[in-house]
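Student: One structure, as structure tokens, below. Some questions next.
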Amino acid sequence: MTIPHLAERRAVIDACLAMNRLGINQGSSGNLSIRIPGGFLVTPTSLPYDEMEPEDLVEMGFDGTYLGSRRPSSEWRFHRDILQARTDVDVVLHAHPSYATAMAVHGLDIPSFHYMVALAGGDSIRCAPYATFGTQALSDHALAALEGRLACLLAHHGMIVLGRTTKAALALAVEVETLARQYSIARQFGDPPLLPPEEIAQVLEKMRRMRYGQPLDTDDRPEDTARPRYP
Ligand code: 13P
């Protein structure tokens with residue numbers, strides 16, 4: 001019997017294994033979901049990624065019902081609520097990387113100390129208030145913190161990153177963790193000066209024009225790039 005959505009299942013497992021390799025996650029912390037017609041696939045709860053097989057992923061509907069032999073991630077509510085509300089993305093990644101989590105323990109947003117903060121869609125990466133893992137309250141806080149953004153921190157918990165693809169979400173997760181690390185180091189020299197909102201607005205506009213941070217596919221060329229001289 002062929003297993004439905006096999007390519008998506010494999011993409012999720014590959015991204016989970018990559019999170020481990022990149023040091024974004026450890027043990028069975030974190031979870032990942034991907035949109036499929038009528039719902040989404042989500043990683044099962046408490047199963048280490050290196051033991052995960054395609055059939056272990058749980059198929060869920062937006063009504064919270066699910067198919068499969070495993071129980072869905074304890075965080076299925078925020079995966080469902082985000083995928084339902086944010087039709088601009090198809091992947092939700094949740095992880096507990098050390099520097100982003102250290103900032104989240106202090107309830108700190110990542111401010112505009114570096115222009116790359118704009119990759120997440122605005123002039124800061126917000127930290128959502130604390131709520132117990134797996135609760136509707138946590139999902140509500142996360143959705144609010146993600147307003148107009150592709151990433152947020154979760155107080156005393158970790159981070160959520162959104163993307164069109166597993167690859168894009170993974171790349172942004174690495175970037176957010178790097179920003180948190182850089183910010184933590186920069187603070188050792190005093191309060192880092194911030195880029196003003198007008199500059200971040202310019203950076204956002206330039207990133208939009210260049211499709212900065214997104215791989216180029218076929219003819220999908222940024223507006224301000226001349227054709228390459230060498231094919
Ligand atoms: P699950 O194993 O239930 O996905 O939980 C991991 C986690 O990070 C909870 O926030």
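Student: Pull out a ≥ b ≥ c, the square roots of the eigenvalues of the alpha-carbon gyration tensor of the stretch 74-146, then state rounded if a/c is under 1.5, prolate if not and a/b is larger than b/c, and oblate in the remaining case. Intermediate results must be reported in sequence, preceding the final value.
Tutor: On the way: a/c = 2.00, a/b = 1.29, b/c = 1.55.
Oblate, because a/c is 1.5 or more while a/b does not exceed b/c.
Student: With springs only between Cα atoms under 10 Å, which of 79, 106, 156 fluctuates most in a Gaussian network model of the chain?
Tutor: Greatest mean-square fluctuation among the candidates belongs to 106.
Student: Which of 155, 18, 186 moves the most in a Gaussian network model of the chain with Cα springs under 10 Å?
Tutor: 186
Student: Rounded if a/c is under 1.5, else prolate if a/b is larger than b/c, else oblate: which is the stretch 1-46, with a ≥ b ≥ c the root eigenvalues of its Cα gyration tensor?
Tutor: Details: a/c = 2.31, a/b = 1.91, b/c = 1.21.
Prolate, because a/c is 1.5 or more and a/b exceeds b/c.
Student: Quote to one decimal, in nm, the extra length available between residue 164 and residue 46 on full extension: 0.36 nm per residue of separation minus the C-alpha distance between them.
Tutor: Gain in length upon complete extension: 39.9 nm.
Student: Would you mind classifying the chain by shape? Square roots of the alpha carbon gyration tensor eigenvalues, ordered a ≥ b ≥ c; an a/c under 1.5 is rounded, otherwise it is prolate if a/b is larger than b/c and oblate if not.
Tutor: Values: a/c = 1.85, a/b = 1.27, b/c = 1.46.
It comes out oblate by the Cα gyration axes.
Student: With a 10 Å radius around each residue's Cβ, average the other Cβ atoms per peptide and rank 54-61, 143-150, highest first. Spell out each step's value before the answer.
Tutor: Values: 54-61: 18.5, 143-150: 16.9.
Averaged packing, sorted descending, gives the order 54-61, 143-150.
Student: So what is the relative contact order for the chain, in percent, with contacts set as C-alpha pairs under 8 Å and at least six apart? Before the final figure, lay out each step's value.
Tutor: Numbers: 405 pairs, mean separation 41.9, N = 231.
That works out to 18 percent.
Student: Extension gain residue 144-residue 105, at 0.36 nm per residue separation less the Cα-Cα distance, in nm? Don't skip to the end; give the middle numbers.
Tutor: Details: separation 39, 0.36 × 39 = 14.04 nm, distance 1.85 nm.
In short, 12.2 nm is gained.
Student: Expressed in nm to one decimal, what extension gain is obtained for the pair residue 178 and residue 133 from 0.36 nm per residue of sequence separation less their Cα-Cα distance? Display every interim value, and only then the final one.
Tutor: Numbers: separation 45, 0.36 × 45 = 16.20 nm, distance 2.42 nm.
Gain on extension, residue 178 to residue 133, equals 13.8 nm.
Student: Next question. Report the label-to-label distance for residue 7 and residue 212 in nanometres (one decimal), using points 7 Å from each Cα along the Cα→Cβ vector.
Tutor: According to this spin-label approximation, the distance is 3.1 nm.
Student: In what sequence, highest mean first, do 39-52, 87-100 appear when ranked by Cβ atoms within 10 angstrom? Walk me through the numbers before you get to the answer.
Tutor: Working: 39-52: 18.6, 87-100: 21.6.
By packing density, highest mean first, the sequence is 87-100, 39-52.
Read-outs: derived from the displayed coordinates by stated rules, not from any lab. If you're wondering where the values come from, they're calculated on a predicted model, not measured in any experiment. All Cβ positions, even for glycine, are placed from backbone atoms using ideal geometry, and neighbour counts span all protein chains on display.
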